[in-house]
Amino acid sequence: MAREKDADRSVRGKQGHQLGPEAKDPTRAVVIVPVLTRQPRDDDSSRPRLSRSADARHDEAVGLASAIDLNPVHTAVVTVADPRPATLLGSGKVAEFADIVKERKAELVIVDHPLTPVQQRNLEKELNAKVLDRTGLILEIFGERARTKEGTLQVELAHLNYQKGRLVRSWTHLERQRGGAGFLGGPGETQIESDRRILQDKITKLKHELETVRRTRDLHRAKRKKVPFPVVAIVGYTNAGKSTLFNRMTGAGVLAEDMLFATLDPTLRRVRLPHGTPIILSDTVGFISDLPTHLVAAFRATLEEVVEADLVLHLRDISDPDTAAQAEDVERILGDLGVDAADTGRVIEVWNKIDLLDEGNRERLLAGSAGGKAPPIAISAATGEGIDALRALIETRVSGELETMTVTLNPAQLGQVDWLYRNGDVVSRTDNEDGSVTLSLTATHSARQEIESRLNRRNSG
């Protein structure tokens with residue numbers, strides 16, 4: 001059974017994308033969302049993965065297509081009980097979509113499911129249009145979003161690894177052989193072997209360039225460790241609001257749109273928490289279900305920011321009906337990176353977009369949220385609700401609980417008063433007759449140690 005939705009509407013194209021004097025018309029695309037009746041199971045258990053609703057998968061597929069210059073002219077959700085090795089879909093459905101492609105004058109067909117090279121080739125022949133599977137579409141989006149040299153290299157490496165597996169004998173020139181020369185002898189290598197070798201040479205070159213970038217990143221990380229600011233990384237499903245939260249906490253101007261993969265390259269900013277604790281906040285690429293392994297491997301250098309982070313904020317769009325399935329996808333990727341999402345000492349679960357819930361749903365969710373582990377922090381990155389509580393929790397996790405202390409500064413130490421106000425929460429101040437000043441303040445455990453160390457150095461000096 002298939003549920004189809006006409007989509008004769010132009011979607012947001014790439015801003016500023018021009019072809020000559022006029023903007024290029026968006027590519028007309030048909031979007032097919034196969035829903036397999038047999039759910040995949042977790043790798044480490046017999047428990048099925050949380051299933052996502054067909055409507056959510058449809059909306060995400062259309063969102064992915066709309067994230068680049070595509071105009072979905074027809075979309076359909078297709079239930080697949082028996083995946084076909086040759087085409088994934090049954091012959092009747094393939095013929096039906098071939099008519100739709102012709103009628104709608106579509107140039108591209110998006111299949112929101114991983115396709116084997118053979119399935120992709122056969123579908124292109126039957127549909128008489130270019131076919132992209134989920135992996136290929138995400139790669140195209142990442143290619144559009146990459147801005148830094150590192151991001152561009154990583155996307156190109158993922159593209160080449162993807163293409164390497166797609167070198168099937170689709171064209172007759174791949175069957176020709178070139179004659180050998182010199183010491184090689186024999187009939188020479190086939191064209192497909194030559195293409196694979198060229199791709200492998202490019203892959204090897206890119207890996208060397210990325211290794212240079214990785215070493216540079218390691219040097220920067222080592223410099224940060226010399227001035228030991230804790231690193232806090234924001235992770236989450238794409239479009240969960242990571243960049244909005246990053247902007248809210250740092251005042252940065254990172255692109256934050258209601259668009260899948262609006263940002264790709266990681267961004268780091270220094271932030272000072274309420275009681276003066278400085279941290280490095282990192283905004284990372286969004287995760288997504290069935291994230292291509294090529295991308296996970298290629299972006300490992302970027303994702304090392306998550307691996308090396310002292311604290312990880314797992315940001316969830318709690319207003320999304322599929323938030324539980326999205327959280328499971330994120331936790332699975334974190335596990336692949338060696339980060340245990342169940343480690344509440346290192347991972348804080350943050351529920352974003354709480355402002356989109358009515359009061360009843362909000363109370364119900366928060367009341368049942370503990371589940372034997374640390375309760376999540378409910379926030380709205382858009383309105384600022386809960387941000388102060390999140391900042392306080394981050395500071396407690398990286399610097400310890402708040403402690404109350406009283407210090408008396410003699411006249412020679414009065415230069416420290418301003419520093420104490422910036423690094424602690426001064427509750428009261430008493431100016432004594434002998435010129436000294438007594439301050440009662442609250443500070444984090446690490447800040448208290450720093451205060452005592454500074455004052456002892458001044459006394460001994």
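The values are calculated or read from the model by the stated rules, or taken from the named source; none is laboratory data. Worth saying up front: this structure is predicted, and the values here are computed from it rather than measured. So basically every Cβ, Gly included, is an ideal-geometry build from the backbone, and we count neighbours across all protein chains shown. The protein model used for the area step is the full one, side chains on, heavy atoms only, and it has no ligands, DNA or RNA in it. Shrake-Rupley method; radii C 1.70, N 1.55, O 1.52, S 1.80 Å.
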- Task: Given the peptides 200-208, 399-407, 111-119, arrange them by the average over their residues of other C-beta atoms within 10 Å, most packed first.
- Result: 111-119, 399-407, 200-208
- Item | Solvent exposure of the range 396-461 as accessible area per residue, Å², 1.4 Å probe | 58
- So who's got an amide H within less than 5 Å of the one on residue 36, skipping anything under 5 residues away but keeping other chains? H placed 1.01 Å off N, in plane. 80
- 27 Å Cα-Cα threshold exceeded, pairs from 130/205; 105/125; 149/353; 125/164: 130/205; 149/353
- Task: Please report the relative contact order for the range 308-461, taking Cα pairs under 8 Å with a sequence separation of at least 6, and give it as a percent rounded to a whole number.
- Result: 18
- Message: Report the rotationally averaged projected area of the range 51-119 based on its alpha-carbon convex hull, in square nanometres.
- Response: 5.3
- Note on the structure: Amide H neighbours of residue 74 at under 5 Å, excluding residues fewer than 5 places away on the same chain, with H built from the backbone geometry, are 7, 29, 31
- Quick one: work out the % antiparallel among DSSP beta bridges in the range 307-461, nearest 5. 65
- Task: Would you please put 342-348, 158-164 in order of how densely packed they are, using the mean number of other Cβ atoms within 10 angstrom per residue and starting with the highest?
- Result: 158-164, 342-348
- Query: Debye sum, Cα scatterers, the range 68-107, no solvent: what log₁₀ I/I(0) at q = 0.30 1/Å?
  - Reply: -1.06
- Starting with the highest mean, order 354-365, 436-447, 379-390 by the number of other Cβ atoms within 10 Å, averaged over the residues of each peptide. 436-447, 379-390, 354-365
- Task: Work out, in µm²/s and without decimals, the Stokes-Einstein translational diffusion coefficient of the range 303-417 at 10 °C, 1.306 mPa s, Rh from Kirkwood over C-alpha pairs.
- Result: 97
